[in-house]
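Below is one structure, written out as structure tokens; the observations come after it.
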Amino acid sequence: MDIRVLTSADIPHVQSTNITNLPENYFLKYYLYHALSWPQLSYVAVDVSRPKKTPYDPPKIVGYVLAKMEEEPVNGIQHGHITSLSVMRTHRRLGLAEKLMRQSRMRYLSHTRRVYHSERQTDLKEGFHEADARSFPLERAMVETFGAQYVSLHVRLANIAALRLYRDTLGFEVEKVESKYYADGEDAYSMKMDLTNLR
Ligand code: ACO
């Protein structure tokens with residue numbers, strides 16, 4: 001599996017992946033707008049196990065993440081936004097969405113800190129995720145190229161898989177519930193992840 005930056009040639013394939021996986025679909029020009037305005041922020045997962053029959057064989061795109069900068073942030077704080085992320089059913093639960101978002105697994109480092117109270121002592125387990133320097137390229141580009149302080153996104157309340165991915169695996173926090181955010185009336189979790197530690 002190859003994870004690489006989205007190119008304009010990928011766009012029709014990404015669009016069909018999006019239509020297959022999600023009810024939120026976009027015109028071709030919106031994908032192009034992402035690719036041309038923020039070329040460092042969108043990635044595709046390409047299944048390279050299938051040999052190409054001709055040099056013109058299209059890439060087999062099995063997942064993508066489409067991301068952008070919020071152009072006119074209402075709160076005045078520069079931040080990125082995950083417009084859309086999806087992985088084909090045939091390739092789910094293989095860690096692809098996680099990989100598209102951060103491109104490496106983080107090591108969880110933990111240690112025990114001994115805290116002394118007046119006559120007692122307690123052992124506190126503490127830990128943090130240590131990402132290697134190559135990880136989070138998408139989020140790093142948001143910070144280093146565009147000055148983002150955080151990255152935001154929306155998830156349907158019923159979308160347990162995406163909620164788990166963003167909250168439990170990637171460390172996003174639920175900021176609020178936005179009522180009737182989606183066209184069909186479903187509410188959304190508005191989520192964000194602080195990026196100031198990537199500075
Ligand atoms: N149930 C519960 N938790 C899940 C599930 C699931 N079905 N799928 C993923 N997760 C969570 C788990 O915590 C998992 O970690 P684990 O495997 O160690 O338990 C973690 O996410 C990472 O899983 P990945 O294998 O990286 O996720 P996958 O590649 O399968 O893609 C995705 C997850 C993108 C949500 C996929 O199910 C999908 O394409 N769904 C349809 C489209 C969609 O809902 N996209 C998100 C919309 S929101 C947005 O785009 C901003």
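The values are calculated or read from the model by the stated rules, or taken from the named source; none is laboratory data. Computed from a predicted structure; not experimentally measured. We place every Cβ from the backbone using ideal geometry, glycine too, and count neighbours over all the protein chains shown. Surface accessibility is based on the protein's heavy atoms, side chains included, excluding ligands, DNA and RNA. Shrake-Rupley method; radii C 1.70, N 1.55, O 1.52, S 1.80 Å.
Students often check this: by mean Cβ neighbours within 10 Å, which of 160-169, 35-44 ranks highest, and how do the rest follow?
35-44, 160-169
Ranked by accessible surface with a 1.4 Å probe, highest first, in what order do ARG4, ARG156 come?
ARG4, ARG156
Heavy-atom accessible area of HIS81 with all protein chains present, probe 1.4 Å, nearest 10 Å²?
Here the accessible area works out near 20 Å².
To the nearest 0.05, how large is the calculated FRET efficiency for ARG164 and LEU32 if R₀ is 41 Å and r is the Cβ-Cβ distance?
The value I calculate is 0.85.
Rolling a 1.4 angstrom probe over the protein chains, ignoring ligands and nucleic acids, what is the accessible area of LEU28 in square angstrom, nearest 10?
90
Quick one: which residues, 5 or more positions from PHE172 or on another chain, have an amide H under 5 Å from its amide H? H modelled 1.01 Å from N in the peptide plane, none for Pro or chain starts.
Answer set, sorted by chain and number: ARG167.
Probe 1.4 Å, all protein chains in place: accessible area of MET193 in Å², nearest 10?
For MET193, the solvent-accessible surface is approximately 20 Å².
Using a 1.4 angstrom probe with every protein chain in place, what is the largest-first accessible-area order of TYR56, TYR33?
TYR56, TYR33
Relative to the present Cα-Cα distance, how much length would full extension add between LYS53 and THR196 at 0.36 nm per residue of separation?
46.9 nm
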